[in-house]
Amino acid sequence: MAFKFKIGDIVQLKSGGPEMTVQSIPSSTSSSYRCQWFAGKKLESGPFPEESLKPVTETK
């Protein structure tokens with residue numbers, strides 16, 4: 001099965017919010033991507049369905 005995102009990709013919720021890093025991809029035990037991000041200095045993480053995420057394009 002091909003996934004839209006891979007571990008290490010930078011994504012964001014389609015509705016906005018902080019940039020997040022994909023920590024794990026969907027598996028046989030989970031249908032969501034697990035992403036992590038910083039809220040201030042605190043590292044947060046949570047599961048998100050693919051349909052709610054969009055890629056962040058890096059501009060340098």
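A short reminder: the numbers here are calculations on the coordinates, not readings from a lab. Model, not experiment: these values are computed from the prediction.
Taking every alpha-carbon pair in region 10-55 and binning the separations at 10 Å intervals from zero gives 29, 55, 15, 0 percent.
For the chain, the tally of Lys pairs with Cα-Cα distances below 18 Å comes to 5, considering only residues 8 or more apart or on different chains.
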